1. Report yes if some residue within the stretch 17-30 is outside any helix (DSSP H, G or I) and surrounded by 10 or more Cβ atoms within 10 Å (Cβ to Cβ); otherwise report no.
2. For a quick check of your reading of the model, give me the residue pairs whose first member lies in the stretch 16-31 and is without any contact (Cβ under 8 Å) to a residue 24 or more places away in the chain, whose second is assigned to a helix (DSSP H, G or I) and hydroxyl-bearing (Ser, Thr, Tyr), with beta-carbon atoms closer than 9 Å and at least 6 apart or on different chains.
Amino acid sequence: MSDISNQAAQAASDAVMSKVATGMTVGGGGTAFIGGLTLNEFAMIFGMLVGLLGLCLQAYQTLHKRRVYVAEHKAIEERSRREEEEHRAKMEMYL
């Protein structure tokens, strides 16, 4: 093989080894973390995550309701203004 193909093969090998090493590091750390937890600690962390998820969903729902309320309020005001203009135009026809 030529020198360029050897370098390309070496670079590809290095990239693969880097990904494998990263995966092994994360996997080993995760296993050590979960293996070191008792059932009560695991339940506590799970409960905190569920509570945080609930808080995020509640905040999203509140913001969404607010946006819908503002849009509905603008639509009602626009309709009221349009009806008032139509009424005024009809009343001017009789003058």
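Just so you know, all these numbers are worked out from the coordinates, no wet-lab data involved. Only a predicted model underlies this, so the values are computations on that prediction, with no experimental measurement involved. So basically every Cβ, Gly included, is an ideal-geometry build from the backbone, and we count neighbours across all protein chains shown.
1. Filtering the stretch 17-30 down to residues outside any helix (DSSP H, G or I) leaves none.
No, every residue in the stretch 17-30 fails to be outside any helix (DSSP H, G or I) and surrounded by 10 or more Cβ atoms within 10 Å (Cβ to Cβ).
2. Nothing qualifies.
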